Structures are given as structure tokens and as C-alpha cells.
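Chemist: Quick one: the structure is below, and I'll ask about it shortly.
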Amino acid sequence: MSFSSRRRNYLLTPHRRDGLIEWMKSMLMHSFVLDALDTTAADTFSHFEMLIDEHRLMTDKLQSEMHSNAVLHASSSNLFVQSRLKQLVPSVGTFYTRLPLRKAFEAYNAKYGVTKRRHICISFNEIRHILNLAQILAMIHPMAGQVQMERIDLPPRPPPALSEASKLDANDEQSNEQKETSVGYETPVMFTRKEHNNVLETPRATWALDDNIATPNLSPTPLREYIGLDHRSDSLAIDESLSLTAYPLPGPKLLCFDGDQTLYSDGANFEKNQKLAKYLYLLLKHGVTIAVVTAAGYEYQTMKYELRLSGLLTYFKEKGLEVDDLERFYIFGGECNYLLRLGKDYKLHAVRETGPGGWIVSTKYFAEAPGNWPQNEIIRILDKAEASFQSSLNDQNMRARIIRKKRSVGLIPKEDEKLPREALDEAVLRIQTELDEAKVVLPFCAFNGGRDAWVDVGNKRVGVQVLQSYLGIPPEETLHIGDQFLNTGNDFAARSICPCVWITSPDETTYILKSILRLAGVPLMSLVHSLDGKADIYDGKEDKTIEEGKKLVDFDEMERRLSGMKMDVFTGEIIPSNPV
């Protein structure tokens with residue numbers, strides 16, 4: 001059974017379910033059984049949207065009251081909001097943005113005809129895809145789907161001229177697993193009303209105001225034609241006259257990523273994914289800060305992190321990424337323990353912890369920050385984790401061994417062995433319970449990594465919050481992308497500190513970034529030469545970066561050079577290619 005098949009089938013077990021998605025699915029099941037999904041599904045998603053808006057308003061009100069009463073730095077995850085949504089889904093957390101679910105559903109349904117099915121109801125994964133798309137739309141176009149206050153219905157925007165590269169790109173086909181986010185929305189975006197000199201300004205056009213009606217200065221065109229959307233295309237037409245640096249990129253200002261199974265396959269390195277490398281490069285060129293928040297903890301041994309990201313760093317170097325852009329690329333190792341930044345030499349460097357500008361010193365103002373952790377409490381968590389893992393190993397006859405690092409304990413398979421997922425989940429849930437009962441005061445993360453289980457001191461909520469504080473970026477402008485958002489995963493904690501996108505593979509991550517760039521109006525093919533004189537040429541089948549007729553980044557050659565250097569991803573030990 002494949003990894004993805006096991007993941008899907010395992011959703012049948014109670015501890016590997018998401019409460020919100022399961023509730024949405026059950027609500028839609030009623031309409032499906034009555035054969036009314038075609039006429040009621042959109043309204044059902046509008047109802048979801050209304051409940052989320054109500055929950056957000058009540059959460060904001062409670063936070064305001066707490067701040068006015070001098071209750072500072074209260075975690076959103078600790079707020080108990082008596083909203084209707086909270087009563088229906090007790091496990092629901094915080095929403096940092098609106099979610100235009102109806103817009104996202106209408107776009108997804110227009111492309112895949114979900115409501116036309118008669119035998120298969122909308123699935124868990126399809127709802128996950130719709131939520132992902134809604135989150136992207138909300139961050140790039142905050143007023144998309146806005147129905148409150150004073151609504152202005154704008155006609156579709158006029159179509160830009162299609163470049164040859166864009167026409168070829170329109171034929172780019174997606175696999176069934178990659179279909180979730182590469183769609184546009186079916187009705188125009190709602191923009192804020194700015195009545196300066198009787199003109200409404202939007203990112204792409206100027207609209208003349210006539211009483212309560214906004215009309216464009218250019219003739220309208222159906223939105224489907226404007227974005228180049230058909231039922232099997234993911235292309236968004238881009239105006240070739242646009243400059244990549246002519247305007248700030250709308251959308252998230254801080255993009256955080258998990259490592260394994262998000263940027264690269266589980267236990268592998270970032271070596272061959274040229275499309276994903278290109279999209280990360282374009283985001284950096286547009287002023288977005290990127291951080292890889294990973295459980296991989298090699299302390300400040302920078303070479304080991306560089307090995308895991310070898311292909312990506314090579315791509316940056318060959319493209320000549322500028323210093324200002326390089327310095328917006330971070331890695332947070334051990335979830336929130338070791339902060340590194342890319343330097344002008346295309347290598348990673350430890351960020352100063354103490355002294356003026358030190359990241360630990362400058363983030364001590366919130367209680368869970370690493371600078372506030374007593375060493376005796378760190379040792380207490382690690383001791384309990386090691387003892388619990390030893391008990392699980394003995395009780396379940398696991399062919400595994402335990403390793404202990406400075407701020408983590410791991411239960412890893414012996415050489416050439418595989419540990420059952422059920423056994424790993426048991427070990428994780430057992431230590432979670434024991435640490436909760438012990439009332440440990442420090443944040444921790446006990447998670448099933450797929451092949452192993454770990455307990456880290458700290459978690460990704462702390463890691464993302466440290467980055468937000470250190471870089472001065474608010475939660476609503478942060479987006480975390482990861483694959484482990486269930487309660488035995490290490491991305492779960494990030495849900496309480498920023499918006500999140502739930503993916504299951506590096507291919508899905510690639511299409512998420514592609515959708516962000518296109519919805520933000522960034523050319524992906526023909527305009528890269530306007531940045532650095534190195535043109536990207538698209539052949540209609542795959543992305544190839546070409547300079548003077550040669551591939552700019554030869555990932556196969558790079559892999560050959562690195563083949564003599566391998567590393568045990570569990571321990572960080574460098575393994576010679578031909579051990580004696």
C-alpha cells in the first residue's frame with residue numbers, strides 16, 4: 001500500500017480526524033443523500049462562512065476585553081469562545097482571516113463538477129482543498145466574498161494580452177492529486193470603496209463611481225476568459241507589461257514551511273524539484289520572507305541543514321539571488337530552537353541569540369519564548385520522554401532504538417526496519433498524556449513523523465510566533481504550509497498562531513505556491529529576464545531554465561556530486577558512500 005493510500009485510509013481512526021472538516025462533510029452529506037447538493041451546496045458553504053465570521057468576531061471581542069484588563073499575551077488557543085461554531089465543533093481553533101468558502105467552492109465545483117456526482121459524496125480531501133483555496137483567496141484578496149457592510153458588485157476585470165509562454169502554460173495538465181488550488185474564482189473580487197475624487201481604485205483598474213454603482217473604464221469580459229480558466233486548465237493569464245517589482249506582492253508576508261513531505265519527500269533532501277525551487281525564488285524576489293520551520297534539529301551545524309536543502313540553495317546561487325532577498329530566507333531547526341539565515345555566500349549562518357538584536361533576547365517578552373525556559377524543566381521533559389519511549393518500545397516489541405539530543409528525544413527504527421504507524425501513534429499519545437498529567441510548564445511537541453516518533457522541547461507555534469515577533473510580521477500576514485495538522489502531527493500547534501494550508505506532498509506545495517503567485521499577478525515564465533537577464537523558457541511540458549541554450553540548474557549533475565555525501569536524517573551523522 002502506498003504512503004498516500006495509507007494516509008487516506010488511516011483517516012478512519014478517531015485520533016486522526018479533523019473536527020471541522022468532518023463536521024462540514026457531515027453537513028454536506030444530508031444534501032447529497034437528498035440529491036440536492038447541486039442547489040444547496042453553495043448556500044451551505046455560505047452558512048459555514050457566516051459561522052466562522054461570527055466566531056472570529058467573538059474571539060476578537062474577547063481578546064480586546066482581555067487586553068483592556070491588562071491580560072497581555074494571551075494565546076488564542078486558550079480563549080474559550082461560546083460561539084455557535086464552537087458548540088458544534090468543540091475542537092475548532094482561531095481564524096485569523098475571513099474564509100471566502102462560497103467563492104472557493106464555486107470555483108472548485110466549476111472545474112470538477114462535484115455537485116454533479118450521484119454516487120460519491122464530497123470527500124475529506126476535497127473539503128481540505130476548498131479550505132486551502134479559500135485561505136489563499138482571503139490573504140491575497142482580503143475582501144473576496146465580503147458580504148457585510150456596503151457591498152459593491154464589480155464587473156469582471158478586462159483581459160490582458162496573453163503571452164506565448166502563457167498560452168503554452170494554459171495547456172499544462174495537472175494530475176488528480178494536484179487539482180485543489182489551481183483555480184480562479186467565478187465572480188468578481190470585492191474591493192474596499194475609496195471615494196477619492198469619485199474614483200474607486202483597485203490593483204488592476206480604475207473604476208468610475210456613479211452613485212452606488214461602480215463601473216470600469218474598460219469594457220467588461222467574462223472572468224472565465226480573463227483568467228484563462230476551463231475545466232482542465234490551471235492557467236492564469238498574465239499581462240506581459242507588468243514588472244515583477246512594480247508593486248508589493250499581495251498576500252502573506254511570511255511563508256513558513258514544514259520540511260519532510262512538504263518541501264521534499266519524507267526522509268529525503270531537496271534535490272530535484274526545479275518548479276518548487278523556482279516559485280520559492282520568485283516569492284523571495286517579491287519581498288516575501290520564507291522560513292523552513294522543521295523538527296530536524298542538528299543544533300547549529302549548518303552544513304547538515306544545507307545538505308537537506310542542497311538543490312534549493314544551488315538554484316538560488318545559479319540564479320544570482322541578491323543579498324537582500326537571500327537574507328529573507330530562514331531555517332528554524334528543532335521546531336523553535338535553532339534559528340539560521342541564508343547569507344550572501346549562499347550558505348546558512350546562525351542568527352545571534354544574545355546581545356543587541358539577538359533573537360532569544362528580543363522575543364523574551366512572551367512567556368513561551370525559548371529565552372524563558374529553565375534548564376531543569378527542559379531536562380525534566382526529556383527524561384520523561386525517554387522513559388515513556390522505552391516503555392512503549394518494550395510493551396510493543398518495537399524494532400527501534402532511542403536517541404537523545406540536546407532538546408529532543410527520538411524513537412527511530414533500527415536499520416532496514418519499519419515501525420507500524422499504530423505503534424508510533426500509541427507511543428505519541430502515551431507520552432502526550434503523561435506530560436499533560438505531569439503538568440509540564442514548557443511547550444512541547446510529541447509527534448509521529450511517519451517513520452519515527454519524537455518529543456521536542458518547544459513546538460511550531462512557538463517557532464512561528466518567534467519569527468513573527470523578530471521580523472515584525474502580524475499573524476494575519478503569516479501563512480504556514482505543512483502536512484501534519486492532526487493531533488499526532490507537529491504542524492498541529494501552528495494552527496493556533498497563524499493561518500495554515502494543509503497539504504500532503506511536495507507536489508501539492510508546488511501548486512499552492514503557483515496559485516499564490518498567479519492570483520497575486522506574478523508572471524511565472526516570460527518575465528524573469530526582467531529581474532536578472534536570465535530568461536525562463538517554457539516548452540509546454542515542464543519548466544526549464546535556459547541561459548545561452550543550456551540548463552541553468554542541472555539537478556542531475558548536482559545529485560551526482562552529492563552522492564558521495566549522505567546523512568542519517570535521524571541523528572545527523574554523516575555516512576560515507578563506501579563504508580569500510
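Chemist: When the chain is fully extended, how far beyond the present Cα-Cα distance does Met303 get from Glu422, taking 0.36 nm per residue of separation?
Modeler: Working: separation 119, 0.36 × 119 = 42.84 nm, distance 3.41 nm.
Length gained between Met303 and Glu422: 39.4 nm.
Chemist: In nm, give the distance between the simple-model label positions of Met66 and Lys566, each being 7 Å from the Cα along the Cα-to-Cβ direction.
Modeler: In this crude label model, Met66 to Lys566 measures out at 4.9 nm.
Chemist: Given the convex hull over the Cα atoms of region 263-315, what projected area results after averaging over all orientations, in nm²? Provide the component values of the computation, followed by the final result.
Modeler: Details: hull surface 15.5 nm².
For the Cα atoms of region 263-315, the hull's average projected area reads 3.9 nm².
Chemist: For Asp38 and Arg404, FRET efficiency with R0 = 56 Å and r from the beta-carbon atoms, rounded to 0.05? Let's see the in-between values first.
Modeler: On the way: r = 57 Å, r/R0 = 1.01.
Plugging the Cβ-Cβ distance into 1/(1 + (r/R0)^6) gives 0.50.
Chemist: Let me make sure I get this right: for region 393-479, a, b and c are the square roots of the gyration tensor eigenvalues over alpha carbons, sorted descending. Under 1.5 in a/c it's rounded, otherwise prolate if a/b > b/c, else oblate. Which is it?
Modeler: Values: a/c = 2.60, a/b = 1.96, b/c = 1.32.
It comes out prolate by the Cα gyration axes.
Chemist: So, one more: Indicate the gyration tensor shape class of region 427-467 (rounded, prolate or oblate), computed on the Cα atoms with a ≥ b ≥ c the square roots of the eigenvalues: a/c under 1.5 is rounded; otherwise a/b larger than b/c is prolate and the rest oblate.
Modeler: Taking the square roots of the gyration eigenvalues as a ≥ b ≥ c, region 427-467 is oblate.
Chemist: Spelling out what I want: for every residue of region 480-490, take phi, set θ = phi - 60°, compute 6.51 cos²θ - 1.76 cosθ + 1.60 (Karplus), and round to whole Hz; glycine and proline get x.
Modeler: With the stated coefficients, region 480-490 comes to 9, 10, x, 10, 10, 9, 8, 6, 10, x, 8 Hz.
Chemist: Could you pull out the trypsin sites (Lys or Arg not before Pro) across region 306-399 that fall in loop regions by DSSP (anything but H, G, I, E, B) with no more than 16 other Cβ atoms inside 10 Å?
Modeler: Working: sites: Arg308, Lys317, Lys319, Arg328, Arg341, Lys344, Lys347, Arg352, Lys364, Arg380, Lys384, Arg399; in loops: Arg328, Lys344, Lys347, Arg352, Lys364, Arg399.
Taking region 306-399 and a limit of 16 other Cβ atoms within 10 Å, the loop trypsin sites (Lys or Arg not before Pro) found are Lys344, Lys347, Arg352, Lys364, Arg399.
Chemist: What FRET efficiency, computed as 1/(1 + (r/R0)^6) with R0 = 30 Å and r the Cβ-Cβ distance, is obtained for Glu415 and Ala268, rounded to the nearest 0.05?
Modeler: Working: r = 17 Å, r/R0 = 0.58.
So, using R0 = 30 Å, E works out to roughly 0.95.
Chemist: What spacing in nm lies between the two simple spin-label points modelled at Leu471 and Ala367, each 7 Å away from Cα in the Cβ direction?
Modeler: Distance between label points: 2.7 nm.
Chemist: Extending each Cα 7 Å along its Cβ direction at Gln87 and Thr433, get the distance between those two points in nm, one decimal.
Modeler: 3.2 nm
None of the figures in this text is laboratory data; all of them are computed from the coordinates on show. Keep in mind it's a predicted model, so treat the numbers as computed, not measured. Glycine gets a Cβ as well: all are built from the backbone with ideal geometry, and neighbour counts include every protein chain shown.
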